[in-house]
Amino acid sequence: EKGAIELKDDLRKYAFSNVYEVAGKAQPIERVAVARNLEYVAEAVRVEGESSWYAAPHDEFAIVMDGEIVFEFVKLADEQVPGHAGGAVQLGGEPNGPRMGRVTARRGHQVLLPKGAAYRLASASPAVAIIQTIGGPVTVERWSEICTLA
């Protein structure tokens, strides 16, 4: 039917299949761009263990594709919020603001990573997430490795 795809199989083989492949080949917590629209990117992230702290000068969103991920949040003082125009940055150490809480997310859950907050990701076993953001200092681009030309 025009405009539709009907799959009668494991959707992970088709929908977002490159996300799983890219995450499977990535280092833990490496944020590899799998889609780009102008300055906006979707980063595939293999979450295994605990990440460093990150912050962005804008809201970001994470979608858990597989597994279970714990997101921890700390409120940043105004002078700690990144002021550049790009995406997330890795903080040099522990943020010193008040704890905002945590979210435990599983496959299909979406989590807001708000401006003004530091966050880190943790998973006891390998998990996969997509982070929707603006390309920045922690975005890894491997287009020649992950794209095929017909």
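The values are calculated or read from the model by the stated rules, or taken from the named source; none is laboratory data. Here the structure is a predicted model, which means the values were calculated and not measured. When we count neighbours, we look across all protein chains shown, and the Cβ atoms used for this are built from the backbone with ideal geometry, even at glycine. Accessible surface is based on the protein model in full, side chains and every heavy atom, while ligands, DNA and RNA are left aside. Shrake-Rupley method; radii C 1.70, N 1.55, O 1.52, S 1.80 Å.
Looking at region 104-120 only, could you name the residues that are among the β-branched types (Val, Ile, Thr) and within 27 Å of HIS84 (Cα to Cα)? Even if it seems obvious, please write down each step before you answer.
Filtering region 104-120 down to residues among the β-branched types (Val, Ile, Thr) leaves 104, 111.
Listed by number, the list holds a single entry, VAL111.
Return a yes/no flag: does region 91-102 have any residue that is in contact with a Gly (Cβ under 9 Å, 6 or more places away or on another chain) and under 16 Å from PHE61 (Cα atoms).
No: region 91-102 contains no residue that is in contact with a Gly (Cβ under 9 Å, 6 or more places away or on another chain) and under 16 Å from PHE61 (Cα atoms).
Of all residues in region 59-78, which are crowded, with 17+ Cβ neighbours inside 10 Å and at pLDDT below 95?
Scanning region 59-78 gives MET65, ASP66, LEU76.
Name the single residue that is surrounded by the most Cβ atoms within 10 Å (Cβ to Cβ) among those in region 14-31 being outside any helix (DSSP H, G or I) and small (Gly, Ala, Ser).
First pass over region 14-31, keeping only residues outside any helix (DSSP H, G or I): 14-16, 26-31.
Within this subset, residues satisfying the condition of being small (Gly, Ala, Ser) are 15, 26.
Numbers: ALA15: 11, ALA26: 19.
Ranking the qualifying residues of region 14-31, first place goes to ALA26.
Considering region 32-56 alone, what residues qualify as being charged (D, E, K, R), part of a strand (DSSP E or B) and open to solvent by 30 Å² or more (accessible area, probe 1.4 Å)?
Matches in region 32-56: ARG36, ARG46, GLU48, GLU50.
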